[in-house]
Amino acid sequence: MKKIINVVLTLALIGLIGFGIYKIFIDGEKQVSFYDREVTLKVWDQVRVSDAVTVKLIKINDGRCLEDTCEREGQFSANFLVFNDMKFAYIELGELEPKSLTIDKLSLEYNIELVSVSDDGKSVTIKVNEG
């Protein structure tokens, strides 16, 4: 009985790892662009910029305050996975702050700017510049 439980748990773990790899590297629409151009992405879409860096949109968070009694404005924020070759960085950009971020963890330096988020929070427009 213990062997069966161990086999089932091992298969479930392998399945979860496989699903995670699929979502990060395979799922979503793939686009190609160049530096200094705006690109619109939906969740799980990715863009390859000038054959140097890939930016994948992981999640869009709605942190806006929609009530009349709120004291703060709030913002949409987006989480991205940025990778080139075998190096990657996980970043979060917001509509208000931080609107752009320079990544120097990778072998080259990139500046990623969140240009806008759609009103329904389903897509974002970004611009990638070479540092």
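The values are calculated or read from the model by the stated rules, or taken from the named source; none is laboratory data. The shown structure was predicted, so the numbers you read here are calculated from the model rather than taken from an experiment. FYI the Cβ positions are ideal-geometry reconstructions off the backbone, even for glycines, and counts take in every protein chain you see. Surface areas here come from the heavy atoms of the whole protein model, side chains and all, with no ligands, DNA or RNA. Shrake-Rupley method; radii C 1.70, N 1.55, O 1.52, S 1.80 Å.
Worth a mention:
- For the set D27, D36, solvent exposure ranked by accessible area (probe 1.4 Å, protein chains only) runs largest to smallest as D36, D27.
- Residue-averaged 222 nm ellipticity for the chain, from DSSP H runs of 4+ at -39500 (n - 2.57), nearest 500: -6500 deg cm²/dmol
- Ranked by the mean number of other Cβ atoms within 10 Å of their residues, highest first, the peptides 4-10, 59-65 fall in the order 59-65, 4-10.
- Compared with the direct C-alpha span, the chain from E97 to K23 gains 23.9 nm at full extension, assuming 0.36 nm per residue.
- Given a 1.4 Å probe and the protein chains as shown, E109 ends up with an accessible area of around 80 Å².
- Angle in degrees between helix 2-25 and the longest Cα principal axis of the chain, rounded to the nearest 10: 30
- Given the choices (i) 30, 17, 9; (ii) 23, 18, 14; (iii) 31, 23, 13, semi-axes √(5λ) of the Cα gyration tensor in Å derived from the coordinates of this structure is entry (iii).
- Most mobile listed residue (F25, F80, F34) in the chain, GNM with C-alpha springs under 10 Å: F25
- For the chain, with all protein chains in place and a probe radius of 1.4 Å, 56% of the accessible heavy-atom surface sits on carbon or sulfur.
- Per-pair calculated FRET efficiency, R0 = 41 Å: D120 and L9 via Cβ, rounded to 0.05: 0.55
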